[in-house]
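Before we start, here is the structure in question, set down as structure tokens.
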Amino acid sequence: MKSLIASIRLVIATMLICVAGYTALILGLARLVTPDTAEGSLIKSAGGKIIGSHLIAQKFTQPRYFWPRPSAAGKDGYDASSASGSNKSPTSSDLTERAKTIIPQYGATAEKPLPPELAAASGGGLDPHITEHAALYQAERVAKARGLSQAQVEELVRQQAFAPGGIFMPDRLVNVLELNLALDQAR
Amino acid sequence: MNAILFIALIVGGTAILSWPLGRCMKWAMDPDLARSAGAKKFDRLFQFFGGRFCAEQQNWKQYVVSMLVFNVLMFAVSFSLIGFQQHLPLNPDGKGAINADCIFNTAASFTSNTNLQHYSGEVTMSYLSQLFSLMWLQFVSAATGIAALAAMARGLAGRKNMGNFFVDLQRATFLVLLPIAIIVASLMVFGGMPMTLHGAAHASTLEGIEQTIARGPVAAFLTIKQIGTNGGGFFGPNCTHPFENPTFCTNILGSVSIILIPMGCVWMFGRIVGRMRHAAVVFVVMLVFLFAKISGAVWFEQAPTEAFANLPIEQNVGNLEGKELRFGATAGPLWAVLTTCTSNGSVDCMHDSLNPMTGLMPMIGMWLNTTFGGVGVGMINMFLYIVLAVFVAGMMVGRTPEFLGRRIEAREVKLAVIALFAHALFVLAPTALFAAIPDWGAKTLNNTGPHGFSEMLYEFSSANANNGSGFEGLGDNTIPWNVFTGTVMLLARFIPIILPLAIAGSLAAKRQTAESAGTLGVEDGTFGVMLFGTILFVGALTFFPAAALGPIAEHLQFMR
Amino acid sequence: MSQKPRSLFDWSIVGPAIGDAFKKLNPRLMVKNPVMFVTMVGAALTTIGIFTSAGERGFVAHLAIWLWFTVLFANFAEAMAEGRGKAQAATLRRMRTTTMARGLRNGREEKIPAPDLQKGDLVVCEAGDVIPADGDVIEGIASVDEAAITGESAPVIRESGGDRSAVTGGTRVLSDRIVIRVTMEKGQGFLERMIALVEGAQRQKTPNEIALTILLAALTLIFLLVCVTLKPFGVYASAVFSVPVLVALLVCLIPTTIGGLLSAIGIAGMDRVLRRNVLAMSGRAVEASGDIDVLLLDKTGTITLGNRMAIAFHVAPGVEEGYLAGASQLSSLADETPEGRSVVILAKEKFGLRAREMHELGATFVPFTAQTRMSGVDLHANGTEPTIRIRKGAAESIQNFVESSGGAFPQAVQKTVDEVSRRGATPLVVAEDRQTLGVIELKDIVKGGMKERFAHLRKMGIRTVMITGDNPLTAGSIAAEAGVDDFMAQATPEDKLERIRNEQAQGRLVAMTGDGTNDAPALAQADVGVAMNTGTQAAREAGNMVDLDSNPTKLIDIVEIGKQLIMTRGALTTFSLANDVAKYFAILPAMFAATYVATAGQRGQLAALDIMHLHSPESAILSAVIFNALIIIALVPIALRGIAYRPIGAAAILRRNLLIYGVGGVIVPFIGIKLIDMILTALHLI
């Protein structure tokens, strides 16, 4: 009984301090220091409309845009309210089937094999990045669709590419949404 | 080369950080009241919060009763909050009611520090449920573990009074978890993590598609989930979600926070017991297991995605299915091992999509459950193996086995082996049940053959180890899965806490014997090898057949 | 009882043991050993499987036979250990069956069969009688031949009162008549208890054995779980695992090696104690002796030879050394004490002085008395008046003697006396009438090899404390020479008790030996108390062991046996578990080859786990089972003899045993199973 009373008192104390107090503190800090990222790193158009988030991949199917990695989030993929990976074993034939539908979209051949991340779904289905290599792989298609020279597009890709892990990670990545925005703006 | 440096820096750096942390934790959890005025003031504050009962000293039985009462209340409060979330405030996206079996599973999961999630956070839970039910439990369930370790260590130090649970709980919550959470959460906020109470954002993409972007008070939630070895994500896919883990740096910070307190717990244990050399031996044994599993995981994950083998896809990169590019190639397997060595269970790549043998490493982590382990409880689990190792090694040196000067006799062995048997039972028995009943098991799987078996095996391994990660392809929000994993989580949480406390209580009551050259030393490398061997053998002999039918069969079938 | 080592596989023991192995199949006995009980149930299930299984009957029958062998081998090991103990006990028992006692009831003598004697009965024994029961002499004195139990042929004196009053049943009175009060309950004498212990009839499990049994039972349960769950796993993996194969896997995994040998180890430990002529009251006492931290040893007879010996002559100023030697020799000629004899021997060694006959010299011996505290001779050169009086004794006594004769006690002699004392030796001053001749130095001689022995003990982590009635100076010097860790000088029985309590309060386990009645409290207080057989009944009741040879050094042997006992258990447990790795690699590939295959009969991918490349699934399983059974027999000698104990410190022992029984335990079965598989294949047995 004494334990129960003490327990009830502690439930109240811990909720007040660890939930209300702690959350308020971090919320306040976030609002003060990083108001943009705290709201989800949203990208807004000139008109103030939300286009997306820097951190969240979105679906691109038109040839004039760079395409992100496949997504298993939600029914049609890229559902930022229901993130998910494919959860398929790397040995699963389902993955082979999925890859077989993706390969013709990119026109990959044995001579020009597809960079693997373009066939492999990300963990949350919302990975906003592809490697610089995978972006350059798509440059020809994008350039053709936009009537630009391939070199121009490749130049843009190289400008956008960055190395997130410094010396620990040799890969250079590009943010697909940012790259596509830059493409639209370059016009 | 980069990978080795990367891993060595994260693990080594955290190990170095854990040393001062252990010192602080000892100060916080087991203060020398006679000498520390600050600690006295805190104790008065804790008595103010918890009432006069907090001034009483408890023996191991009273301590356990208090712990259970508080934990029952934790379960009840969170169950009710989630159950009524549709009627409660802080629900900007209007989340609805949830099935009772899923609520049971979730409340059990978070009470037991497991955070196995048979729901998807951003789809199912209101902000109130996330914060006042789940995040609250992430604090107090972790604190329960730390408190239990402090009590056990006091018993092993020979004190008949194991302290007061309610004081220990507050010490762990307010003096250990909360300060670290505030620091780490601030860093996470700087790292670009969302922290808002606004509802989902509605975007219209460049191609004009509507996209609903779920968000929320992620930074606060994520932090305590990491440092308290909880692991339950704000979003369904956990730390693979860009909002829960936006950059390379937050990923490193996340990795560090997973093992920081579990490492510190070993030192805290050593300090309370007064045997730092013994703690060091235990620490090194844990570290060896950790590096062995990391090496295995990183090695096997270098193989490219097997499903793409004969397609026009580049084969020069490791398996990328279920991984995020921004963390780099080694981060996924490293995290997978860290999160399962400790009972954390957050993921930064999808374990279901790991290569077969890589997927075995997390399972080994959960089967052994002593490689630093959950906050507090990892060291408690380790104590069971220490009892066993001391018993066998003690006999081999020709004396009635003793640990820290107290004899390990029938009662201690009995309690320890019951806990170890329970550990095996709660993995193998329910997995067998679900393997035999296709409606419960096979029909809920996302993969076939050995990998499907791995999904079931993993689920119960995770529930039993209070880990919470999953081979998430499993369609586990069904009544059988919810009920069985929920029950396993609760039993596997409290049996391995209560029995070691009972052993410590029983040892504390014994006459302490002097140590001599003929006594088994628990502070040297030989004992370290013995302890290593004991853990390895018990684990391997118990789980090898299951491992063979899961990951090993899949590996032999596809990866040779 | 002889010390003759009995060959391990003596047919007179092996024969009956084989029979006993079958008798022990009684389920009510088997259930006491959970590991072997499970094995037996498995064997029974497999036997049923011979008739119910569809095909492969020959294979199942093979399995069944070897599973039964596993059980029988374990029973055989236990029966062997018991047989050896029984053989030892039979010698003891033989002498008690026929004895008729001459009981004294109401003052009259009557014949009572020895086994019917009650505690408190009075018994008369005269020359030639066998003493019918343990007891105390309450009247008379007699010489007793205890060769029957001690192997020592010299008769010993037993008399009423004092410290030598206890007699043991089965010994024979050689002279005189004594009345004995029986001190044991019917059937509760030392011998009966010991016989029951080694025969296993009354064997109770020791604390460590109970703890180990619990561990083994739990491991058995875990493996049972592992094997039982494989059946439903098989449902998912579309494979049917047959019951006999699952039983084979189970029996191979559960710790049958240690489970089968556990009781044999315990019995053999008791037996080894008995072989050293020590009667232990319980297995618990033997086990506890392995835990000893402190040994309290009496100096006399244990550490030193028991008698002081003359080692040097120190002359007084103006006296020739030869003259001193001569006088010393004369004074000691008739002195039959060991000290006296040693003086004669020293004189002969140093100066070639031959012993002379007393009466030739006309000398009379003046014996040592408590009043004079000296001894010597009076030489009668011319009749009755003594002309020359030679005396030797303690310094003060001789000083009195010399001064009363009108002489002076030289300062130089006093200095020598002090020096000798300081060395821890005993000075005997020799004087001739009023002249002080010099000093004989008597010294305690430490037994050979004791220093090494104590160093060994120290490495085992055992401290030795020497107990002596000597003064601290003497005690300290002998302690240093013998290399003991500590000593208690001028120790009274109360001091001993106090010391034991002190050590225990500091968390140490104490062993001691004792013989006198006044040792009884200390013996009772000590964790291991070894009473000397020559000691009083009180002392023997208080201790938990009796040394029939009354050799206090034996305590060290007992400690080693205790350690060996526990070590053997630990080592075989490790070995047993380490074996499982190879068995997994033999049996699992054979079983799992049938999993995840589309069509029956095909070999699945998991067959690749067969790293030993065994002939066929059947031969693999059978080889593992056969190895598992044979290893029990192979380890019987280790179980009976105990593994070698070396005093090299705990960490080094652990390393050694881990290497031999841990690493060895992993490797050996790989070789063994492969060999058996090759033999089975070569003989077309499968």
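Taken together, the values in this text are just the output of simple stated rules run on the coordinates, not laboratory data. On a predicted model such as this, the values are computed, not experimentally measured, just so you know. Cβ sites come from the backbone with ideal geometry, for glycine too, and all protein chains shown count toward neighbours.
Considering every residue in C:74-84, what mean count of other chain Cβ atoms within 10 Å of its Cβ is obtained? The partial results should precede the final answer.
Working: counts 0, 0, 0, 0, 0, 0, 0, 0, 0, 0, 0.
Rounded to a whole number, the mean comes out at 0.
Over the Cα atoms of the stretch B:148-217, compute the convex hull volume and normalise it per residue, giving Å³.
So the per-residue Cα hull volume is 134 Å³.
Right, something else. How high is the FRET efficiency between B:LYS40 and B:ILE16 when r is their beta carbon distance and R₀ equals 35 Å, given to the nearest 0.05?
Efficiency computed from Cβ-Cβ geometry: 0.70.
Could I have the simple spin-label model distance between A:ALA20 and C:ILE210, label points 7 Å from Cα toward Cβ, reported in nm to one decimal?
Roughly 5.5 nm, to one decimal.
Another question, if that's okay. I'd like the distance between the alpha-carbon centres of the stretch B:71-116 and the stretch B:8-23, rounded to an integer number of Å.
So the two Cα centres are separated by 35 Å.
Place +1 on the Cβ of every Lys and Arg and -1 on the Cβ of every Asp and Glu in chain C, take the dipole about the Cα centre, and give the residue among C:LEU609, C:PHE37, C:ALA114 whose Cα lies farthest towards its positive end.
In chain C, that residue is C:LEU609.
Counting only C-alpha contacts under 8 Å and six or more residues apart, can you give the relative contact order of the stretch B:14-133 as a whole percent?
Computed over the stretch B:14-133, the figure is 22 percent.
What helices does chain C have that are whole DSSP H segments, at least 24 Å long along their own axis by Cα, and with mean Kyte-Doolittle hydropathy of 1.6 or more? List each step's numbers first, then the result.
Working: long enough: C:34-52 (27 Å, 1.75); C:57-97 (55 Å, 0.26); C:207-236 (44 Å, 1.74); C:256-275 (28 Å, 0.91); C:554-592 (56 Å, 0.79); C:617-641 (37 Å, 1.84); C:664-682 (27 Å, 1.79).
Result, helices passing both filters: C:34-52, C:207-236, C:617-641, C:664-682.
Taking the Cα atoms of the stretch C:578-623 alone, what are Rg (to one decimal) and Dmax (as a whole number) in Å?
Just the Cα atoms of the stretch C:578-623 yield Rg and Dmax of 10.4, 36 Å.
What is the sum of charges, Lys and Arg at +1 and Asp and Glu at -1, for the other residues whose Cβ falls under 12 Å from the Cβ of B:PHE221?
0
Enter the mean number of other protein chain beta carbons within 10 Å of the beta carbon of each residue in B:67-75, as an integer.
Rounded to a whole number, the mean comes out at 4.
Taking neighbour Cβ counts within 10 Å as the exposure measure, how do B:HIS118, B:HIS451 sort from fewest upward? Walk me through the intermediate numbers first.
Working: B:HIS118 22, B:HIS451 27.
Neighbour counts put them in this order, fewest first: B:HIS118, B:HIS451.
So what's chain B giving for Cα Rg divided by 2.2 N^0.38 Å, two decimals?
Rounded to two decimals, the normalised Rg is 0.94.
Just checking the output field for A:171-180: average partner chain Cβ neighbours within 10 Å of each residue's Cβ?
Counting other chains' Cβ atoms within 10 Å and averaging over A:171-180 gives 2.
Still on this structure, I have one more. Report D for the stretch C:204-246 in µm² per second (integer): Stokes-Einstein, Kirkwood Rh on Cα pairs, 10 °C, 1.306 mPa s.
In µm²/s, the coefficient rounds to 130.
Report the equivalent ellipsoid semi-axes for the protein assembly as shown in whole Å, largest first, defined as the square roots of five times the eigenvalues of the gyration tensor built from alpha carbon atoms.
80, 37, 28
Still on this structure: Take every Cα-Cα distance within chain C, group them into 20 Å bins from 0 onward, and report for each bin the whole-number percent of pairs it holds.
15, 35, 28, 15, 6, 1, 0
Could you tell me the ratio Rg/Rh of the stretch B:379-505? Both radii from Cα atoms, Rh via Kirkwood.
Values: Rg = 17.9 Å, Rh = 16.1 Å.
We get a ratio of 1.12 for the stretch B:379-505.
Hey, can you list the DSSP H helices of chain B whose Cα span along the axis is 27 Å or longer and whose average Kyte-Doolittle score is at least 0.5?
B:2-29, B:60-83, B:136-156, B:248-273, B:276-300, B:377-396, B:410-436, B:479-508, B:525-547
Let me ask something else about it. Once amide H atoms are built 1.01 Å from N in the peptide plane, which residues 5 or more positions from A:ALA73, or in another chain, come under 5 Å H to H?
The answer is A:TYR78, A:ASP79, A:SER84.
Let me ask something additional. Around A:LEU42, under 12 Å between beta carbons, what's the net of Lys plus Arg minus Asp minus Glu among the other residues? Numbers along the way, then the final one.
Working: positive: A:LYS44, A:LYS49, B:ARG215; negative: A:ASP36, A:GLU39.
Overall, the nearby charge balance is +1.
Still on this model: Between beta-carbons, use under 9 Å as the cut-off and find the net charge around C:MET374, counting Lys and Arg +1, Asp and Glu -1.
Local charge sum for C:MET374: +3.
Estimate the FRET efficiency between C:LEU473 and C:ARG108 by the formula 1/(1 + (r/R0)^6), using the beta-carbon distance for r and 45 Å for R0, to the nearest 0.05.
Details: r = 58 Å, r/R0 = 1.29.
It comes to 0.20.
Under Stokes-Einstein, with the Kirkwood radius over Cα pairs standing in for Rh, what whole-number D in µm²/s applies to the stretch B:290-395 at 10 °C and 1.306 mPa s? Intermediate values should be presented prior to the final figure.
On the way: Rh = 14.9 Å.
Stokes-Einstein gives a translational diffusion coefficient of 107 µm²/s.
So, one more: Describe numerically, in nm with one decimal, the distance between label points set 7 Å from Cα along Cα→Cβ at A:ASP36 and at C:LYS451.
Distance between label points: 8.6 nm.
Tell me which trypsin sites (Lys or Arg not before Pro) from the stretch B:436-516 have a DSSP coil assignment and no more than 13 other beta carbons within 10 Å of their own. The partial results should precede the final answer.
Details: sites: B:LYS443, B:ARG493, B:LYS510, B:ARG511; in loops: B:LYS510, B:ARG511.
Within the stretch B:436-516, the qualifying trypsin sites (Lys or Arg not before Pro) (loop, at most 13 other Cβ atoms within 10 Å) are B:ARG511.
Another question about this same structure. Report the one residue of B:PHE300, B:GLN315, B:VAL281 whose Cα lies farthest in the direction of the positive end of the charge dipole of the stretch B:275-333 (charges on C-beta: Lys and Arg +1, Asp and Glu -1; origin at the Cα centre).
B:VAL281
Quick check: Cα centre of the stretch B:154-204 to Cα centre of the stretch C:258-276, how many Å?
56
Give me B:LEU334, B:LEU149 sorted ascending by neighbouring Cβ count inside 10 Å, so fewest comes first.
Fewest-to-most ranking of B:LEU334, B:LEU149: B:LEU334, B:LEU149.
Sticking with this structure for a sec: List the relative contact order of chain B as a percent without decimals, with contacts defined as Cα pairs under 8 Å and 6+ residues apart. Numbers along the way, then the final one.
Values: 1005 pairs, mean separation 104.0, N = 560.
Contact order relative to length: 19 percent.
Can you give me the distance in nm between label points at C:ASN400 and B:VAL288, each placed 7 Å from the Cα along the Cα-to-Cβ direction?
For the pair C:ASN400/B:VAL288, the computed spacing is 7.3 nm.
With 10 angstrom as the radius, rank C:ASP418, B:ASP352, B:ASP524, C:ASP677 by how many other C-beta atoms surround their C-beta, starting from the fewest.
The fewest-first ordering by Cβ neighbours comes to C:ASP418, B:ASP524, C:ASP677, B:ASP352.
Another question, if that's okay. Over chain C, what is the relative contact order in percent, taking alpha-carbon pairs closer than 8 angstrom and at least six residues apart?
Averaging sequence separation for qualifying contacts and normalising by length gives 15 percent for chain C.
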